[in-house]
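Okay, structure first, notes after.
The values are calculated or read from the model by the stated rules, or taken from the named source; none is laboratory data. No experiment lies behind these values; they were computed from the predicted model shown. Don't worry about glycine lacking a Cβ; one is built from the backbone with ideal geometry, like all the others, and counts go over all protein chains shown.
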Amino acid sequence: MTDPYDILGVARDANEEQVKAAYRKRAKAAHPDSGGDTDAFARLQKAYELLLDPVRRKVFDDTGYDVELTDAVDLQALVAIEKLITEMVLDEREPGTFDPVAKMRTSLLEDIRKANFSKSELERHSNRIGLHLERLGKRPGKDVVGHMLRARIKAIATAISETEAKIGASERACDMLEGYLYELNELQDEADVAAEIEWDEPQIRSAAQ
């Protein structure tokens with residue numbers, strides 16, 4: 001996540017005038033017409049707009065994230081957590097009788113496990129096609145079969161990249177959930193924690209493989 005305070009070089013409690021002054025100072029050097037980098041200037045503008053918007057600034061201060069400045073992996077991770085939040089809100093069990101954060105982590109670890117398995121299967125399939133290509137050789141003239149096989153390998157490579165992105169987003173989402181401690185009812189505490197540990201340990205080992 002890009003920090004707008006760092007981009008503008010202002011303190012966390014900077015007021016509107018300080019933000020504007022910092023922007024004017026940096027914009028002169030960062031502007032493309034002055035030889036500045038276009039992407040860097042765009043980030044400067046986004047940081048300036050964020051800190052002048054009290055609602056967006058409050059959200060960033062509370063969460064550390066903003067849609068405009070969040071990188072692709074963080075954004076995918078936030079979308080994954082948002083989906084899990086919806087499941088948490090719709091869960092009819094009484095608060096305190098289960099740990100929703102542990103449930104989120106378990107769900108993410110299961111997603112990682114499935115994605116890793118899918119990735120390995122895609123790689124295995126791609127390798128098999130490659131071996132077919134090696135044995136097929138190249139047909140003189142128009143190589144219809146070879147073209148189609150190479151197209152399959154290319155499509156699988158795209159699917160592998162998408163799967164890797166999903167794994168990265170799920171791992172980042174797990175990182176975002178670190179540090180949360182949910183208070184369970186005393187009667188539920190020991191049994192639920194034991195159940196979560198029993199479930200999470202093999203999931204963690206599997207996701208790491």
(request) Mind counting the residues in the range 103-139 that are assigned to a helix (DSSP H, G or I), over 30 Å from THR86 (Cβ atoms) and not polar (S, T, N, Q)? (result) 12
(message) Name the residue that is nearest to ILE167 (Cα to Cα), counting only residues in the range 85-114 that are among the aliphatic types (A, V, I, L, M) and in contact (Cβ under 8 Å) with a residue 40 or more places away in the chain.
(response) ILE112
(message) Suppose the filter is under 30 Å from ALA169 (Cα atoms), modelled with pLDDT under 90 and either touching a Lys or Arg at 6+ places or on another chain (Cβ under 7 Å) or not aromatic (Phe, Trp, Tyr) (or both); does ARG43 pass it?
(response) yes
(message) Criterion first (outside the structural domain of ARG172 (by TED's automatic domain parsing) and either under 19 Å from LEU181 (Cα atoms) or among the basic types (Lys, Arg) (or both)) does LYS58 satisfy it?
(response) yes
(message) Testing VAL19 on (1) under 26 Å from the mean Cα position of the chain (by Cα); (2) hydrophobic (A, V, I, L, M, F, W, C); (3) farther than 30 Å from GLU164 by Cβ, one condition comes back false. Which one is that?
(response) (1)
(request) Quickly run through the range 28-57 and pick out the residues that are exposed (fewer than 14 other Cβ atoms within 10 Å of the Cβ), of a type in the set (Asp, Glu) and part of a helix (DSSP H, G or I). (result) ASP33, ASP39
(request) Look at LYS83 and say whether it is within 30 Å of ASP53 (Cα to Cα) and among the basic types (Lys, Arg). (result) yes
(request) Scan the range 58-74 for residues that are crowded, with 17+ Cβ neighbours inside 10 Å and either without any contact (Cβ under 8 Å) to a residue 24 or more places away in the chain or part of a helix (DSSP H, G or I) (or both) and jot them down. (result) PHE60, ASP74
(message) Report every pair of residues separated by at least 6 positions or lying on different chains whose Cβ atoms are under 6 Å apart, first residue within the range 156-185 and in the same structural domain as ARG128 (by TED's automatic domain parsing) and farther than 14 Å from ARG113 by Cα, second assigned to a helix (DSSP H, G or I) and of a type in the set (Ser, Thr, Tyr).
(response) ILE156/SER126
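Every residue, every condition in (1) modelled with pLDDT of 95 or more; (2) among the hydroxyl-bearing types (Ser, Thr, Tyr); (3) buried (at least 16 other Cβ atoms within 10 Å of the Cβ), yes or no:
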site	(1), (2), (3)
ASP143	no, no, no
ILE156	yes, no, yes
LEU187	no, no, no
ASP192	no, no, yes
GLN203	no, no, yes
(request) Keeping to the range 15-34, report how many residues are touching a helix residue (DSSP H, G or I) at 6+ places or on another chain (Cβ under 8 Å) and farther than 13 Å from ALA47 by Cβ. (result) 5
